1. With only Lys, Arg, Asp and Glu charged, each at its Cβ (+1 for the first two, -1 for the last two), find how big the charge dipole of the range 119-284 is about the Cα centre; round to the nearest 20 debye.
2. I need two numbers for the chain: Rg to one decimal and Dmax as a whole number, Cα atoms only, in Å.
3. For the range 119-284, what's the radius of gyration and Dmax over Cα atoms, in angstrom?
4. Give, as a single signed number, the net charge of other residues whose beta carbon lies under 12 Å from the beta carbon of Val229, with Lys and Arg counted +1 and Asp and Glu -1.
5. For the chain, what is the charge dipole size about the Cα centre, in debye to the nearest 20, if Lys and Arg each add +1 at the Cβ and Asp and Glu each add -1 at the Cβ?
6. Could you give the length gained by full extension between Asp191 and Ala302, i.e. 0.36 nm per residue of separation minus their alpha carbon distance, to one decimal place?
7. From the residues Ser226, Pro33, Ile247, which one has its Cα farthest along the dipole of the chain in the positive direction, the dipole being from +1 and -1 charges on Cβ of Lys/Arg and Asp/Glu about the Cα centre?
8. Tell me the angle of helix 178-187 to the major Cα principal axis of the chain, expressed in degrees between 0 and 90 and rounded to the nearest ten.
Amino acid sequence: MTAAVAVDLGKTGCRAVLWNDGAGPAHDVHEVPGAPGLATGNGAAAARAAVRAAVLPLLAREPSLRPAALCVGAAGAAAAPEAARALAGLLLGDLPVDEVAVTSDAVTAHAGALGGRTGVVLAIGTGAVAVGIGDDRSCARVDGWGPWLGDEGGGAWIGAAGLRAALRAHDGRGPDTALLAAAAERFGDLDRLPSAVGRDGNPARTAASFAPDVARAAAAGDAAASAIVRDAATALGEAVLAAARRIGGDALPVTVTGGLTKLGEPLLGPLRSLLTGSPRPLHLRPPLGDPLDGARLLALDASAPHEAHVVRVRRTTPLHTVPAPPATPPAAV
């Protein structure tokens, strides 16, 4: 049997699981806080710390199990391929595996949701990205540009829009909204909101924590919150349609995955209506698996249609003991 480690590294959380092929996960998923993203300053180092914190306890529980490969789906990998390769090298030096693969968390989400097959996957969490892979292995990535340039309709986008609406009401510049009380309850004194959002060094994650409050206010009929969630659904639907146009093909399968789906019908209802009303035939279906399933698939299979978007580094000398974390990627990579 072949063992592998799968990692889903987002801006909010980092989840890891140790798979023993044929026997399922060796243990439950281990989750730790995420990292700001590979495209940020010091992104590879922050990602490395998060992956180590998620993976090392799993390996310690199964000291006799030697994983053949590790695959990390990391936020920001598509925009920072050099950082993705650096992360792969660092992790190969850190962990007792023969091969490390690093790709975008959107790619692992796609592979997991469609079982490694072609189609369009909308991955929504703190960020938002639509990935389409065609039968000819053509690939379209739509949005996923990060919280300051894109990720329209994602958790950070919804949360930040909700906080802006709360501050407009606080200032008297905008209409009254339930988001004012919700923001004060979650973050305290709104006069200190900017420092509260940036306090932990991951403002996108902090802003995304307010997205459920916005969805609840929308479900209760708050006008400002409802407008934000409708706009988010529109932006997400446009991303899916753009990805579908770019890869071509007929009757494309489409699935939506990611933590933001937990917002439920306030977001998913209008998104579903937009996609089913598209003149282009799209077949909405539930995801077959999650990004961890996709990372496991890509860890062990280099023949999937996603391979052009995966960075792989392989050990060239035998590993006898777990090395101490190096300051730089190992020279053998």
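Each reported figure results from applying straightforward, stated rules to the coordinates on display, with no laboratory input. Please read all numbers here as calculations on a predicted model, not as lab measurements. With ideal geometry, Cβ positions are generated from the backbone for all residues, glycine too; neighbour counts draw on all protein chains shown.
1. Using only the charged Cβ atoms, the result is roughly 160 debye.
2. 20.3, 66
3. Here Rg and the maximum Cα pair distance are 16.8, 54 Å.
4. Net charge in that neighbourhood comes out at -2.
5. Working: 29 positive and 31 negative charges, 57 e Å.
Taking the Cα centre of the chain as origin, the dipole is about 280 debye.
6. Fully extending the segment from Asp191 to Ala302 adds 34.8 nm.
7. Of Ser226, Pro33, Ile247, it is Ile247.
8. That works out to roughly 40 degrees.
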